[in-house]
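First up is the structure itself, then whatever we jot down about it.
The values are calculated or read from the model by the stated rules, or taken from the named source; none is laboratory data. These numbers were taken from a predicted model, which means no experiment stands behind them. Heads up, the Cβs are rebuilt from the backbone with ideal geometry, glycines too, and the neighbour counts pull from every protein chain shown. The area values use the complete protein model at the heavy-atom level, side chains included, leaving out ligands, DNA and RNA. Shrake-Rupley method; radii C 1.70, N 1.55, O 1.52, S 1.80 Å.
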Amino acid sequence: QALFFPGRAAGASGGWDPSPRRAAPTPVPSGMAMGRLLAALLASPVFVALARPAAQDAAILKVQTFDWRPDLAALFATNLAAASTLPAERVAQSPSASGMLVTTRHVVEEASPKDDAIREVAKRAKWLSGQQQQPPPRKLDSDDSATFLEAVWDRPGYRNRRFDLQPTDGEHLCFAGFAHMLSNTDRCNGWVRQYPPVGDTVVFKNTGVGGYNPFTLKAVIADHINIWLEEGSSELHEDVSIKAAKIYTNQYDLEELKPAEGSDSWMEHECKIMGSMPFMYTCSDRINILVQKCGMSNAWVMQSDYLRNYPGPATAESPTNHDIIFYMCHELLDDEPNPYAAANTFAHELAHVIQGGFGYSFTAMTEGGATWLEGPLLNLSPRPMVYAWGFQDWNRILAAHIYADTRELNARKFYQIHGMFLAYLSQEALLGARAASALQNYQTFEDANVPFGRSAYDYYLRYVGSERPHEFDPLTIDVKGVGFAFADALLNYRVAM
């Protein structure tokens, strides 16, 4: 593991602080299926408690940030309070992350109140208060059982059929169906986004510090990843970001970077299990890595970039940021110049791009899916439980109510608990990787339902240990008893932990 994780920063801000404040209690070994997977994790010295004064905890929670470095979070909170055009109580309550921006550590769009994102936050706040009507949810194109079954168990397949995305020989799995879409459908009306040659400059919006700045195309990796560097980027920023893209796509042809049989890279396996990139909304077959100054050590994607014209695609009039874009901060690369860590960050954030291709979402399971992807799904070790707002001790982990997705109350398990739950369920004897991905990818897109993370888990979990159903059979969730599939799964998961 030393090859991958000297100072690992899986989509994270800052480097690892090795100094323990208080040792975590030693867990009881288990012989369950997850025992071996968790054994190395439990024995690791990184299980330490990072204590924080209660006042700092409250300040961080107030702006819905998830950062284990209180100095950065406090600075972010101060900047937000000074800049925001929304009332303080509305900022604290707004469901900003549920629609506009998926980040690994911060709800970044609230830091730039004069851009489009903060206006979207205000609009969503009005939805919640009833001042503005939310758009009606899109309905399935058929009411038959087979359509429901496909939409629930194979969302990528359902979307491919709806858009008539038919893969052609030689296409990368992340963009499978792109050529057929352009040639045989009217989805993009003959338009496809064009990019300049390497060395040329294009103006993009910097979503970190704000403003529109020139970015130079420094490299195109594996035909599908553009590396753009903002003016003022250093040689280190260029070197690490390019190496990270080569690791993510396994241009080095290393066996250690082939996560599963039949998958030659992290990128390929990610799209094989989770689904393709949302190219049907961008009319492009490129991922754009924008290396920029952010004012914080972080990385993120914005679902509003590629869903700007939802349900329609980008057009010739669309701005340059209406594309598949991943924002990588100078500060993160300075703090953690390990290209393997940066590549793992690519994987985590691009998982959010794939998730967003099925609709705006930000719940505990949204982050859980990306955290599962960055570790066990790529055949890597799990993210340490103490990392990024980890638990103070294992008793709190065992007592956690995984299904209650209230950001203020359970942000500490936001990533790791759900990611490891998916790792547990993805064993072939339980649900398997594809069904576990279907579970994490299924979302309710009505704000009134977003806080309740239990969601549709019961539906999937009643099929643990059995094959996928042949007919769609909905169920009524048991909210009173304890003899139901979700309770059984949580109990088994706890024993495995």
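Observations on the structure shown:
- Segment 247-344 shape via C-alpha gyration tensor axes, a/c threshold 1.5: oblate
- Annotation: amide H of Ile287 within the under-5 Å range of Ile225, Asn226, sequence separation 5 or more or interchain, hydrogens built in the peptide plane.
- Taken along its principal axes, the alpha carbon cloud of segment 313-380 reaches lengths of 40, 29, 19 Å, longest axis first.
- log10 of Debye I(q)/I(0), alpha-carbon scatterers only, for segment 204-245 at 0.14, 0.18 Å⁻¹: -0.33, -0.53
- When only Cα pairs below 8 angstrom with a gap of at least 6 residues are kept, segment 243-288 shows a relative contact order of 24 percent.
- Tail beyond 16 Å, pair distance distribution of segment 211-296 (Cα, percent): 59
- Each Cα pair under 8 Å and six or more residues apart adds its sequence gap; the mean of these over the residue count of segment 194-335 is a relative contact order of 24 percent.
- Between Phe472 and Ser234, the contour length at 0.36 nm per residue exceeds the Cα-Cα span by 80.2 nm.
- Ranked from largest to smallest solvent-accessible area, with a 1.4 Å probe on the protein heavy atoms, Tyr360, Tyr493 come out as Tyr360, Tyr493.
- Asn309 paired with Ala429, simple spin-label distance in nm, labels 7 Å along Cα-to-beta-carbon: 5.1
- In segment 149-212, Rg over Rh equals 1.13, where Rg is the alpha-carbon radius of gyration and Rh the Kirkwood radius from pairwise Cα distances.
- Cα gyration tensor, segment 257-303 - rounded (a/c under 1.5), prolate or oblate: oblate
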